[in-house]
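Written below as C-alpha coordinates is the structure these notes are about.
The values are calculated or read from the model by the stated rules, or taken from the named source; none is laboratory data. Since the model is a prediction, treat every value here as computed from it, not as a measurement. With ideal geometry, Cβ positions are generated from the backbone for all residues, glycine too; neighbour counts draw on all protein chains shown.
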Amino acid sequence: MAGQDPTLVWMNGEFVQWDEAKLHVTTAAVRFGSRIFEGMRAYWNDSQEQLYIFKMEEHLKRLAQSMKMMRMTTDYSLDDIEKACMDLMTKNNVREDVHLSPSIYFGEGEALFSYKPGTVEVGAYAVTRPRKTILGTGKGIRVCVSSWTRISDRDVPPRIKAAANYQNGRLAAVQAAEDGYDDAILLNGLGKVAEGPGACVFLIREGTALTPPVTGGILESITRSTLMQLLEEQMSVPVVEREIDRTELYIADEVWMCGSALEVTPIFSVDKYPVGDGKLGPLTAQLQTEYENCVRGKTPKYLDWVLPIYSS
(Lines give C-alpha, C1' and ligand atoms only; values in the text may rest on other atoms or scores of the structure.)
Protein backbone atom coordinates (compact mmCIF):
# COMPACT_ATOMS: atom_id res chain seq x y z
CA MET A 1 0.00 0.00 0.00
CA ALA A 2 3.05 2.26 0.12
CA GLY A 3 2.11 5.50 -1.57
CA GLN A 4 -1.22 4.19 -2.87
CA ASP A 5 -4.80 3.61 -1.77
CA PRO A 6 -5.64 0.38 0.12
CA THR A 7 -7.20 -2.42 -1.87
CA LEU A 8 -8.84 -4.56 0.82
CA VAL A 9 -11.26 -4.08 3.70
CA TRP A 10 -12.19 -6.71 6.30
CA MET A 11 -15.95 -7.26 6.67
CA ASN A 12 -17.64 -10.01 8.67
CA GLY A 13 -14.77 -12.46 8.38
CA GLU A 14 -13.87 -11.82 4.73
CA PHE A 15 -11.48 -9.56 2.90
CA VAL A 16 -13.30 -7.66 0.18
CA GLN A 17 -12.22 -5.13 -2.40
CA TRP A 18 -12.32 -1.51 -1.23
CA ASP A 19 -15.05 -0.50 -3.69
CA GLU A 20 -17.21 -3.46 -2.63
CA ALA A 21 -17.13 -2.68 1.11
CA LYS A 22 -20.59 -1.12 1.28
CA LEU A 23 -23.48 -0.80 3.70
CA HIS A 24 -27.08 -0.35 2.67
CA VAL A 25 -28.60 3.05 3.38
CA THR A 26 -31.20 1.43 5.66
CA THR A 27 -28.70 -0.13 8.08
CA ALA A 28 -28.84 1.18 11.65
CA ALA A 29 -25.19 2.20 11.45
CA VAL A 30 -26.02 4.55 8.59
CA ARG A 31 -29.44 5.74 9.75
CA PHE A 32 -28.77 6.19 13.45
CA GLY A 33 -24.99 6.18 13.94
CA SER A 34 -25.27 2.84 15.76
CA ARG A 35 -21.58 2.05 15.49
CA ILE A 36 -18.65 1.79 17.85
CA PHE A 37 -15.09 1.82 16.65
CA GLU A 38 -11.44 2.24 17.50
CA GLY A 39 -8.98 4.61 15.88
CA MET A 40 -5.36 3.55 16.13
CA ARG A 41 -2.25 4.14 14.13
CA ALA A 42 0.30 1.84 12.58
CA TYR A 43 3.75 3.38 12.13
CA TRP A 44 6.38 2.45 9.58
CA ASN A 45 10.01 2.26 10.76
CA ASP A 46 12.06 2.65 7.60
CA SER A 47 15.42 1.66 9.08
CA GLN A 48 13.96 -1.57 10.49
CA GLU A 49 11.61 -2.13 7.55
CA GLN A 50 8.94 -2.86 10.12
CA LEU A 51 5.36 -1.73 10.67
CA TYR A 52 4.21 -1.27 14.26
CA ILE A 53 0.61 -1.03 15.47
CA PHE A 54 0.59 1.14 18.58
CA LYS A 55 -1.13 -0.25 21.69
CA MET A 56 -3.39 -2.69 19.88
CA GLU A 57 -4.32 -4.56 23.07
CA GLU A 58 -5.44 -1.40 24.86
CA HIS A 59 -7.53 -0.29 21.89
CA LEU A 60 -9.28 -3.65 21.62
CA LYS A 61 -9.96 -3.66 25.37
CA ARG A 62 -11.65 -0.28 25.01
CA LEU A 63 -13.60 -1.62 22.03
CA ALA A 64 -14.86 -4.46 24.22
CA GLN A 65 -15.90 -1.97 26.92
CA SER A 66 -17.85 0.05 24.33
CA MET A 67 -19.51 -3.18 23.14
CA LYS A 68 -20.57 -4.01 26.68
CA MET A 69 -22.11 -0.60 27.32
CA MET A 70 -23.90 -0.68 23.95
CA ARG A 71 -25.12 -4.25 24.62
CA MET A 72 -23.54 -5.51 21.42
CA THR A 73 -22.63 -9.16 20.99
CA THR A 74 -20.73 -10.76 18.15
CA ASP A 75 -19.30 -14.17 17.32
CA TYR A 76 -15.92 -12.59 16.65
CA SER A 77 -13.55 -12.51 19.61
CA LEU A 78 -11.01 -9.77 20.25
CA ASP A 79 -8.35 -12.22 19.08
CA ASP A 80 -10.25 -12.61 15.80
CA ILE A 81 -10.38 -8.85 15.33
CA GLU A 82 -6.69 -8.46 16.20
CA LYS A 83 -5.70 -11.12 13.67
CA ALA A 84 -7.94 -9.52 11.05
CA CYS A 85 -6.26 -6.15 11.59
CA MET A 86 -2.80 -7.70 11.30
CA ASP A 87 -3.78 -9.62 8.17
CA LEU A 88 -5.24 -6.43 6.73
CA MET A 89 -1.83 -4.78 7.04
CA THR A 90 0.04 -7.61 5.31
CA LYS A 91 -2.54 -8.21 2.58
CA ASN A 92 -2.50 -4.49 1.71
CA ASN A 93 1.32 -4.52 1.94
CA VAL A 94 1.27 -1.47 4.21
CA ARG A 95 4.69 0.16 4.37
CA GLU A 96 3.80 3.64 5.56
CA ASP A 97 1.97 5.28 8.45
CA VAL A 98 -1.75 4.48 8.43
CA HIS A 99 -4.86 5.03 10.51
CA LEU A 100 -6.44 1.69 11.41
CA SER A 101 -10.07 1.44 12.44
CA PRO A 102 -11.95 -1.73 13.48
CA SER A 103 -15.72 -1.17 13.77
CA ILE A 104 -18.69 -2.99 15.24
CA TYR A 105 -22.16 -1.86 14.21
CA PHE A 106 -25.82 -2.73 14.01
CA GLY A 107 -26.35 -3.75 10.41
CA GLU A 108 -29.99 -4.77 10.45
CA GLY A 109 -32.54 -2.25 9.18
CA GLU A 110 -34.83 -0.59 11.73
CA ALA A 111 -32.44 -1.71 14.46
CA LEU A 112 -32.17 1.53 16.44
CA PHE A 113 -33.44 -0.13 19.62
CA SER A 114 -32.25 -3.65 18.85
CA TYR A 115 -29.56 -5.41 20.81
CA LYS A 116 -30.34 -8.97 19.75
CA PRO A 117 -27.58 -11.35 18.63
CA GLY A 118 -27.31 -11.63 14.89
CA THR A 119 -27.88 -7.94 14.18
CA VAL A 120 -24.25 -6.98 14.79
CA GLU A 121 -21.62 -6.82 12.06
CA VAL A 122 -17.87 -6.14 12.17
CA GLY A 123 -15.31 -4.58 9.89
CA ALA A 124 -11.88 -2.95 9.71
CA TYR A 125 -10.04 -0.68 7.31
CA ALA A 126 -6.79 1.26 7.11
CA VAL A 127 -6.09 4.53 5.32
CA THR A 128 -3.35 7.12 5.21
CA ARG A 129 -4.16 10.22 7.24
CA PRO A 130 -2.23 13.52 7.20
CA ARG A 131 -0.73 14.52 10.53
CA LYS A 132 -2.11 17.63 12.20
CA THR A 133 1.36 18.91 12.96
CA ILE A 134 4.66 17.37 11.92
CA LEU A 135 7.49 16.69 14.34
CA GLY A 136 10.37 19.12 13.95
CA THR A 137 8.44 21.87 12.16
CA GLY A 138 7.64 23.82 15.33
CA LYS A 139 4.10 24.39 14.12
CA GLY A 140 0.99 24.59 16.26
CA ILE A 141 -2.69 25.46 16.10
CA ARG A 142 -5.03 28.24 17.25
CA VAL A 143 -8.15 27.17 19.10
CA CYS A 144 -11.22 28.67 20.72
CA VAL A 145 -13.34 27.58 23.65
CA SER A 146 -16.53 26.34 22.04
CA SER A 147 -20.02 27.56 22.85
CA TRP A 148 -21.12 23.92 22.59
CA THR A 149 -21.07 21.83 25.78
CA ARG A 150 -19.39 18.44 25.98
CA ILE A 151 -21.72 15.43 26.35
CA SER A 152 -21.84 13.81 29.78
CA ASP A 153 -22.07 10.33 31.26
CA ARG A 154 -25.69 10.94 32.26
CA ASP A 155 -26.69 11.80 28.67
CA VAL A 156 -24.62 10.11 25.94
CA PRO A 157 -21.60 8.62 27.73
CA PRO A 158 -18.32 9.89 26.21
CA ARG A 159 -16.66 6.77 27.63
CA ILE A 160 -18.26 4.87 24.73
CA LYS A 161 -16.28 5.45 21.54
CA ALA A 162 -19.41 5.64 19.40
CA ALA A 163 -19.81 7.30 16.02
CA ALA A 164 -22.89 9.21 17.21
CA ASN A 165 -20.88 10.85 20.02
CA TYR A 166 -18.63 12.54 17.47
CA GLN A 167 -21.45 14.80 16.29
CA ASN A 168 -20.88 16.74 19.51
CA GLY A 169 -17.26 17.38 18.57
CA ARG A 170 -18.17 18.02 14.94
CA LEU A 171 -20.46 20.90 15.91
CA ALA A 172 -17.62 22.49 17.86
CA ALA A 173 -14.99 21.90 15.16
CA VAL A 174 -17.14 23.25 12.33
CA GLN A 175 -18.09 26.35 14.32
CA ALA A 176 -14.42 26.94 15.17
CA ALA A 177 -13.45 26.70 11.50
CA GLU A 178 -16.25 29.11 10.51
CA ASP A 179 -14.92 31.55 13.10
CA GLY A 180 -11.36 31.33 11.78
CA TYR A 181 -9.79 28.92 14.27
CA ASP A 182 -8.02 25.62 13.66
CA ASP A 183 -9.88 23.68 16.34
CA ALA A 184 -11.89 23.96 19.54
CA ILE A 185 -11.93 22.98 23.20
CA LEU A 186 -15.25 22.07 24.82
CA LEU A 187 -16.27 22.69 28.41
CA ASN A 188 -18.36 20.16 30.32
CA GLY A 189 -21.69 20.76 32.05
CA LEU A 190 -19.89 22.21 35.09
CA GLY A 191 -18.05 24.75 32.94
CA LYS A 192 -14.71 22.98 33.32
CA VAL A 193 -12.33 22.05 30.49
CA ALA A 194 -13.29 18.68 28.96
CA GLU A 195 -11.60 17.91 25.64
CA GLY A 196 -11.33 18.86 22.00
CA PRO A 197 -13.30 17.26 19.15
CA GLY A 198 -11.73 13.81 19.32
CA ALA A 199 -8.70 14.81 21.41
CA CYS A 200 -7.74 15.23 25.06
CA VAL A 201 -6.18 18.35 26.56
CA PHE A 202 -3.03 18.93 28.62
CA LEU A 203 -1.50 22.12 29.94
CA ILE A 204 1.68 23.01 31.77
CA ARG A 205 1.58 25.34 34.76
CA GLU A 206 4.76 26.00 36.72
CA GLY A 207 6.38 22.73 35.62
CA THR A 208 3.38 20.49 36.32
CA ALA A 209 1.27 18.84 33.64
CA LEU A 210 -2.49 19.15 34.23
CA THR A 211 -5.24 17.20 32.47
CA PRO A 212 -8.99 16.82 33.15
CA PRO A 213 -10.08 13.66 35.00
CA VAL A 214 -11.79 10.75 33.25
CA THR A 215 -14.98 11.77 35.10
CA GLY A 216 -14.92 15.20 33.43
CA GLY A 217 -16.71 14.28 30.21
CA ILE A 218 -13.78 12.88 28.24
CA LEU A 219 -13.06 9.72 26.31
CA GLU A 220 -10.71 7.49 28.30
CA SER A 221 -7.94 8.18 25.84
CA ILE A 222 -5.12 5.71 25.30
CA THR A 223 -2.83 8.44 24.00
CA ARG A 224 -3.60 10.50 27.10
CA SER A 225 -2.55 7.68 29.45
CA THR A 226 0.55 7.08 27.31
CA LEU A 227 1.64 10.71 27.60
CA MET A 228 1.03 10.74 31.34
CA GLN A 229 3.44 7.84 31.66
CA LEU A 230 6.02 9.41 29.36
CA LEU A 231 5.86 12.72 31.20
CA GLU A 232 6.51 11.11 34.56
CA GLU A 233 8.93 8.32 33.59
CA GLN A 234 10.91 9.83 30.73
CA MET A 235 10.74 13.55 31.48
CA SER A 236 10.33 13.67 35.30
CA VAL A 237 7.34 15.99 34.90
CA PRO A 238 4.63 15.50 37.55
CA VAL A 239 1.10 14.94 36.21
CA VAL A 240 -2.06 15.96 38.06
CA GLU A 241 -5.58 14.99 36.99
CA ARG A 242 -8.03 17.63 38.17
CA GLU A 243 -10.76 20.00 37.07
CA ILE A 244 -9.39 22.85 34.95
CA ASP A 245 -10.93 26.30 34.60
CA ARG A 246 -11.26 27.94 31.20
CA THR A 247 -9.05 30.85 32.22
CA GLU A 248 -6.24 28.48 33.16
CA LEU A 249 -5.84 27.86 29.44
CA TYR A 250 -5.09 31.56 28.99
CA ILE A 251 -2.34 31.71 31.60
CA ALA A 252 -0.78 28.28 31.00
CA ASP A 253 2.87 28.01 29.97
CA GLU A 254 2.10 25.32 27.37
CA VAL A 255 -1.05 23.62 26.04
CA TRP A 256 -1.49 20.70 23.69
CA MET A 257 -4.16 18.28 22.50
CA CYS A 258 -3.54 14.60 21.97
CA GLY A 259 -5.08 11.49 20.48
CA SER A 260 -4.34 8.75 17.97
CA ALA A 261 -5.22 11.17 15.17
CA LEU A 262 -3.70 14.37 16.62
CA GLU A 263 -0.76 12.64 18.36
CA VAL A 264 0.82 15.58 20.26
CA THR A 265 -0.50 18.80 18.70
CA PRO A 266 0.76 22.07 20.26
CA ILE A 267 -1.72 24.87 20.86
CA PHE A 268 -0.29 28.35 20.36
CA SER A 269 -3.34 30.42 21.32
CA VAL A 270 -6.73 29.98 22.99
CA ASP A 271 -9.47 32.54 22.23
CA LYS A 272 -6.65 34.67 20.74
CA TYR A 273 -4.77 34.68 24.04
CA PRO A 274 -1.20 33.52 23.28
CA VAL A 275 -0.13 30.42 25.17
CA GLY A 276 3.22 31.27 26.75
CA ASP A 277 5.18 33.11 24.10
CA GLY A 278 2.91 31.79 21.36
CA LYS A 279 5.48 29.26 20.15
CA LEU A 280 6.30 25.58 20.64
CA GLY A 281 7.07 25.03 24.31
CA PRO A 282 10.12 23.01 25.41
CA LEU A 283 8.17 20.30 27.25
CA THR A 284 5.72 19.87 24.38
CA ALA A 285 8.61 19.57 21.93
CA GLN A 286 10.35 16.96 24.10
CA LEU A 287 7.12 15.03 24.54
CA GLN A 288 6.57 14.98 20.77
CA THR A 289 9.99 13.36 20.35
CA GLU A 290 9.44 10.84 23.15
CA TYR A 291 6.09 9.83 21.68
CA GLU A 292 7.46 9.57 18.15
CA ASN A 293 10.26 7.27 19.28
CA CYS A 294 7.86 5.01 21.18
CA VAL A 295 5.34 4.53 18.39
CA ARG A 296 8.06 3.61 15.90
CA GLY A 297 9.63 0.99 18.17
CA LYS A 298 12.73 3.05 18.93
CA THR A 299 12.45 3.07 22.73
CA PRO A 300 13.52 -0.32 24.15
CA LYS A 301 11.75 0.35 27.46
CA TYR A 302 8.36 0.50 25.73
CA LEU A 303 8.63 -2.14 23.04
CA ASP A 304 5.64 -3.92 24.58
CA TRP A 305 3.55 -0.95 23.43
CA VAL A 306 4.04 -1.78 19.75
CA LEU A 307 3.00 -4.83 17.75
CA PRO A 308 5.32 -5.69 14.83
CA ILE A 309 3.50 -6.85 11.72
CA TYR A 310 6.22 -8.27 9.50
CA SER A 311 8.33 -11.22 10.59
CA SER A 312 12.03 -10.53 10.99
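Assorted remarks:
- Given (1) assigned to a helix (DSSP H, G or I); (2) assigned by TED's automatic domain parsing to the domain that holds Ser147, number of the condition Leu280 does not satisfy: (1)
- Condition met for Glu195 (of a type in the set (D, E, K, R), modelled with pLDDT of 95 or more, in the same structural domain as Leu227 (by TED's automatic domain parsing) and surrounded by 23 or more Cβ atoms within 10 Å (Cβ to Cβ)): yes
- Pairs where the first residue, in segment 136-151, is closer than 13 Å to Ala184 by Cα and the second is modelled with pLDDT under 95 and in a strand (DSSP E or B), C-beta under 9 Å, 6+ apart: none
- With respect to (1) touching a Pro at 6+ places or on another chain (Cβ under 7 Å); (2) part of a loop (DSSP other than H, G, I, E, B), the lone exception for Met235 is condition (1).
- The selection criterion, being within 20 Å of Thr128 (Cα to Cα), crowded, with 16+ Cβ neighbours inside 10 Å and among the hydroxyl-bearing types (Ser, Thr, Tyr), holds for Thr265.
- Matching entry among Tyr76, Tyr43, Tyr52 (being buried (at least 21 other Cβ atoms within 10 Å of the Cβ) and farther than 18 Å from Val156 by Cα): Tyr52
- Of residues in segment 300-312 being part of a loop (DSSP other than H, G, I, E, B) and in contact with a strand residue (DSSP E or B) (Cβ under 9 Å, 6 or more places away or on another chain), the one surrounded by the most Cβ atoms within 10 Å (Cβ to Cβ): Ile309
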